[in-house]
Amino acid sequence: MFVCDCVIDITAALFNVSGRELRQAGRTSTSVSRVRQIAMYVSHVVMGLSMSEVGRGFARERTTVLHACHLIEDMRDDADFDAIVALTERVAGAALRGLEHRR
């Protein structure tokens, strides 16, 4: 899924994490998982993809995406974390403007 691949690459660059690690199937370290969850959240919220589409793009189940989105939303109560997510949203939104619904 093109949009998810782009969001993964942008998020990997912002957080200095390997895009390969973010795409890796199975469990990863908490820090990599958190970055992946942010990327899933941005793919859903900013890029407008359904949770099923995000799941396919990240090789995860829809329920995993649902969990990630709820978790990130809850964590945004922390101002520092919210600033990090907001920056990721702005960068991805600007870089991928016009691709919001491109599958």
The chain: most fluctuating residue of Arg20, Arg56, Arg34 per GNM, C-alpha cutoff 10 Å: Arg20
Euclidean distance of C-alpha centroids, region 50-77 and region 22-40, integer Å: 11 Å
Sorted largest first, extent of the chain alpha carbons per principal axis (Å): 32, 30, 24
GNM top mover of Gly26, Gly93, Gly48 - the chain, alpha-carbon springs below 10 Å: Gly26
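Quick note: the coordinates plus some simple rules give every number you see, no bench work behind them. Note that the structure is predicted; figures quoted are calculated from it, not measured.
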